[in-house]
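So the structure is just underneath, and the comments pick up after that.
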Amino acid sequence: MTHEEFPTEHPALVTCGLPYANGDLHVGHLRTYVSGDAFSRGLRRLGQDVAFVSGSDMHGTPIAVNAEKEGVSPEEFALRHHEQYEETFPRFNVDFDNYGHTHDETNVELTQAFVRAWEANDHVYEKEIQVAYDPDADQWLPDRYVEGECPYCGEHARGDECDEGCQRHLEPGDIVDPVSTLTGNPAEYREREHKFLRLSEFQEYLEGFINRLEGTSNAQNQPREWIEGELQDLCITRDMDWGIDYPDEEANGADDLVLYVWVDAPVEYVASSKQYSERVGDETYDWEEVWAEGDSEIVHVIGRDIIQHHTVFWPSMLKAADYNEPRAVCATGFVNLNGEAFSTSRNRAIWADEYLAEGFHPDLLRYYLATAAGFERDVNFSWERFQERVNTELADVVGNFVNRALLFAARNFDGTPDAELTDETETRIAAAMDDYEDALNDYDVRSAGETAVALARYGNEYIQNAAPWKLDDDEAAPVIRDCVQLVKAVAVLLQPITPEKAEDAWDQLGAEGRVADATVADCLQAPPETFPEPDGPLFEKIDDERVAELNEKLETRVAEATAGEDDEAANDETDDGTAAFEALADDRIDFGTFQDLDLRVGRIEGADEIEGADDLLRLSVDIGIETRQIVAGLKQLHDVADLPGTKVVVVANLEQAELFGVESDGMVLAAGEEADLLTTHGDAAPGTKIK
RNA sequence: AGCGGGUUGGGAUAGCCAGGAGAUUCCGCCGGGCUCAUAACCCGGAGAUCGGUAGUUCAAAUCUACCACCCGCUACCA
């Protein structure tokens, strides 16, 4: 089956993978939501009838476990995060038509209806499996409620995967010497009746599905291993309280079973679109038409870590309940920070709230995330690169062009000059419109965004070469007429990526209505005859000091988080992190700058702990001329008693500081997170200058 | 181990599915121009044996095989 191109006659649905209601959002998460939002806005520009929905994923073991740690109910815990997400997305101009959550009534009913349909179609069977059980707490222990020894490598492992050893996925019952994470008691295995969805029946269907699926190539290729191999049936129940009850449980004897979180999570796509229909009315948007009638125009935008769920489980679930299959799955790459993966536990991330608190406009980040690399490629985030792209692409190219064109037009013509659009510019804009449409049909948000920037670039080139400031009004009129048209087209084409900034440009142009309601055809519609001088450039530049400040903040924060970490966590990162070095500094320093450092050989004379500090030590260091008191973060990483007598390298002319109320006069150099102390190989005496 | 993705001028990034002339664009660098505009903008230039080897072909960044390195997935982390 090949799909007709967007825009289609049928309503489309764009969804974003459900954020798990278990923590704060960061820039990595936002990539998926910005991509989905930009794509759905892009479809609207094409005139496609489309709804954009998502919701919070409220169930599952991690939420139950974390809620318990906090001493609140899972519902309260998850709702708190849900509300936070619901507030955060609009602040990034991620405007869902409906944003629900998996614990709301619509989803519960729909999920149970799915399961009933599977039962009715004979896609479900029961099987006895071994499940860990805590006899003292009188409770079943699914997934991460149990820990023990990995049957493959013998390492300590969680119930669902060998997280410290061989990384293998573990089935319930695999773990050796299971221990309850609730009570620390030894757990025992008991036979337990569970429900399974016959995924294996859908093998042939899925092979066909994967070949007609549109979207990113990673989504089409990654699941082949499963689909073309042997598909395991999916255990769709868990022994928990927190979740959606297995429907009609008493009749089926499946009391106190809830549905596996990956059953009810994707159903939220259906539920959320249903809620939207109910709000706006069937005649405006008919969710049933999308899901169960006619051609399917369902596009799932997800992170690339959940491809299998959307290309194996979910289509099978839909097929088993006679729903439409997705037309496309678009899996975005990850976001790295300065070349390394985000690490939320080390606070090494750019948080959504933090970004906004720094006063940056959301559209800047949207632009960065949506156009930094192809959809499925990983994107590196750094404040330097952010600055570079904002300054050179948004401020210099787009902002400057819009400003100079409109300012010139307003000053000299009170608006759009009375002249015909030249063929050349018309052709150029028409080509951009075509490219734009093609890009969206290729699910290529990046290219779509680039057409707008390319048009602005062309505008700068054009106005520069035509130099209307050297011409009289009659000669300048057609040039400026073209430029105003280019501004209008830029506003329309950039709208999906930077919706607010595009709206600003639209307003400066004095165009009627909102660019959010415009379509690509408006790119060539005549701009208003008159408009005033623009009220300023669209984009401000970010200066170097600001970037330095942001990097410093990040480093400090990571250092603080790392200082509070236990050894185990620190080892996690360093053991396998051989390639994860910080990028080399771009800026070279001159020799004089180096000479400004007064580096000396020192010998640690004494080392005491500092009360209240997790890993700071008060050192007294003999640097020949005198003995200094230096505070250093070494406690976790070195045996305090062994330190005296160790020779170290000291920065002697570092400004003095106070850490935990203790004066520190200098710095002891050490390498990496493990604070591997620098020392001398020979017998250089304390006080010797290092050069 | 299996699977997926990647390796392209100093840095980043496109092109690969549908093989075809000087390999895209941005940053940076060198030289020039302009002054309407945000010290912006425009023009020109240097810089890449497209990770390696072998093959298919009149023709390979693109297709095939093998190899190296990097990232990820393997059924509950964007």
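The values are calculated or read from the model by the stated rules, or taken from the named source; none is laboratory data. Here the structure is a predicted model, which is why all the values come from computation and not from measurement. So basically every Cβ, Gly included, is an ideal-geometry build from the backbone, and we count neighbours across all protein chains shown. The area values use the complete protein model at the heavy-atom level, side chains included, leaving out ligands, DNA and RNA. Shrake-Rupley method; radii C 1.70, N 1.55, O 1.52, S 1.80 Å.
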Within segment A:177-236, residues being at negative phi, away from RNA strand B (no atom under 12 Å from the Cβ) and without any contact (Cβ under 8 Å) to a residue 40 or more places away in the chain number 5
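I'd like the full set of residues that are touching a strand residue (DSSP E or B) at 6+ places or on another chain (Cβ under 8 Å) and modelled with pLDDT under 90, limited to segment A:352-379. It would help to see each step written out before you state the result.
Going through segment A:352-379, the residues touching a strand residue (DSSP E or B) at 6+ places or on another chain (Cβ under 8 Å) turn out to be A:352, A:368-369, A:372-373, A:375-376, A:378-379.
Passing the criteria: A:A372, A:A373, A:F375, A:E376, A:D378, A:V379.
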Within segment A:424-433, restricting to residues that are hydrophobic (A, V, I, L, M, F, W, C) and surrounded by fewer than 18 Cβ atoms within 10 Å (Cβ to Cβ), the one that is farthest from RNA strand B (Cβ to nearest atom) is A:A430
Out of (1) under 30 Å from A:P7 (Cα atoms); (2) crowded, with 22+ Cβ neighbours inside 10 Å, the one A:L421 does not meet is (2)
In segment A:509-533, anything open to solvent by 20 Å² or more (accessible area, probe 1.4 Å) and within 16 Å of RNA strand B (Cβ to nearest atom) is listed as A:P532, A:E533
Counting only residues in segment A:397-411 that are near RNA strand B (Cβ under 7 Å from one of its atoms) and surrounded by 17 or more Cβ atoms within 10 Å (Cβ to Cβ), the one farthest from the chain's Cα centre (by Cα) is identified as A:F408
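For the condition farther than 20 Å from A:A67 by Cβ, at pLDDT below 70 and either within 33 Å of the chain's Cα centre (by Cα) or part of a strand (DSSP E or B) (or both), what is the one hit in A:E128, A:E109, A:E164? Break it down into steps so the answer makes sense when it comes.
On the way: A:E128 fails: at pLDDT below 70; A:E109 fails: at pLDDT below 70.
Among A:E128, A:E109, A:E164, only A:E164 is farther than 20 Å from A:A67 by Cβ, at pLDDT below 70 and either within 33 Å of the chain's Cα centre (by Cα) or part of a strand (DSSP E or B) (or both).
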Reported set for segment A:440-453 where residues are open to solvent by less than 40 Å² (accessible area, probe 1.4 Å) and touching a residue at least 60 places away in the same chain (Cβ under 8 Å) is A:L440, A:N441, A:Y443, A:V445, A:A448, A:G449, A:V453
Scanning segment A:254-284 residue by residue, those open to solvent by 10 Å² or more (accessible area, probe 1.4 Å) and over 19 Å from A:L318 (Cβ atoms) turn out to be A:D255, A:D256, A:E278, A:R279, A:V280, A:G281, A:D282, A:E283, A:T284
Of the residues in segment A:372-396, those that are among the hydroxyl-bearing types (S, T, Y) and within 9 Å of RNA strand B (Cβ to nearest atom) come to A:T392
Scanning segment A:292-342 residue by residue, those buried (at least 21 other Cβ atoms within 10 Å of the Cβ), part of a helix (DSSP H, G or I) and more than 8 Å from RNA strand B (Cβ to nearest atom) turn out to be A:H310, A:T311, A:W314, A:P315, A:S316, A:M317, A:L318, A:A320
